[in-house]
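The values are calculated or read from the model by the stated rules, or taken from the named source; none is laboratory data. Here the structure is a predicted model, which means the values were calculated and not measured. When we count neighbours, we look across all protein chains shown, and the Cβ atoms used for this are built from the backbone with ideal geometry, even at glycine. Heads up: the accessible areas ignore ligands, DNA and RNA and are worked out on the full protein's heavy atoms, side chains in. Shrake-Rupley method; radii C 1.70, N 1.55, O 1.52, S 1.80 Å.
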Amino acid sequence: MKALELGADAIELDVHATRDGVVVVHHDAAVERGHGSGSAKWAIADLESSELRHMLLADDIGVPTLAEVLDAVGIGPRVYVEIKGTNIEPLVARCIRESNADCAVHSFDHRIVVKIKEIFPAIRTGVLEVARPIDPLASLVETGAQDLWQERTLVDEDLVRRIHSGNGRVVVWTSNDHLEWKMLRALGVDGICTDRIGELAAFDW
């Protein structure tokens, strides 16, 4: 996979599920075909997997299933799975259990994190934040998660210190700036999610 070829040591992806319960990898809840006035959108949750399989997106690329992606990654780099679909936790857990991949699950909806932990207690989990919590550690304690995925502009020394005091990890999203990478490393963050994979992998710290 391209991300791994560029030097990534982990992969983050988003998942939804089709009407017949197939977990697929796609950022948005709907797929879009065409451009401009000729474009159309279909909600993934309303499509059968057989219908989605024949929908080619940009550059004639299809929407892969989570099982296909995990099989392609294999044993090695961790795959961080963000659950975006509604009520699909059992489907995601089963897909991960049936693979050989090293996976962790996270979500903006912290109720999803609690539910996936109930279904799959052994899996590593994380909570996504786009705000700066007064008590950053509270979300980890309340959900049983180990990772705080914090939006890049809201990371500071106090946040990192508090998360580390509870043996948690801070993963920053999505940082694409060289100077910011140095600042984040100085703060002691545990991971940086970026679109500039090759540059970060080769970065001269």
Scan around ASP102 for amide H atoms under 5 Å from its own, H built in the peptide plane at 1.01 Å from N, and keep only partners 5 or more places away or cross-chain.
GLY76, VAL79
With all protein chains present, how much of the accessible area of segment 165-205 (probe radius 1.4 Å) comes from carbon and sulfur, to the nearest whole percent?
49
Kirkwood-based shape ratio for segment 165-205, expressed as Rg/Rh from alpha carbons:
0.98
Under unit Cβ charges (Lys, Arg +1; Asp, Glu -1), what dipole magnitude, rounded to 20 debye, does segment 126-175 have relative to its Cα centre?
100
Two-site label geometry, ASP20 and LEU4: point separation in nm, points 7 Å out along Cα→Cβ
2.8
Using a 7 Å offset from the Cα along the Cα-to-Cβ direction at both ALA122 and ALA202, what is the distance between the two label points in nm, to one decimal?
3.9
Can you pull the percent of segment 1-84's accessible area that's carbon plus sulfur, 1.4 Å probe, other chains left in place?
50
Whole-Hz ³J(HN,Hα) for each residue in segment 55-65, computed from phi via Karplus 6.51 cos²θ - 1.76 cosθ + 1.60 with θ = phi - 60°, x for glycine and proline: what do you get?
8, 9, 9, 4, 6, 6, 9, x, 9, x, 7
The simple spin-label model distance between ARG161 and THR86, using points 7 Å out along Cα→Cβ, in nm, is 4.2
By how many nm would the segment from ALA29 to LYS182 grow when fully extended, if each residue of separation counts as 0.36 nm and the alpha-carbon distance is taken off?
51.7 nm
What is segment 1-52 by shape, rounded, prolate or oblate, if you read a ≥ b ≥ c off the alpha carbon gyration tensor as root eigenvalues and call it rounded for a/c under 1.5, prolate for a/b larger than b/c, and oblate otherwise?
oblate
Taking a probe of 1.4 Å and leaving out DNA, RNA and ligands, segment 1-142 shows per residue an accessible area in Å² of 54
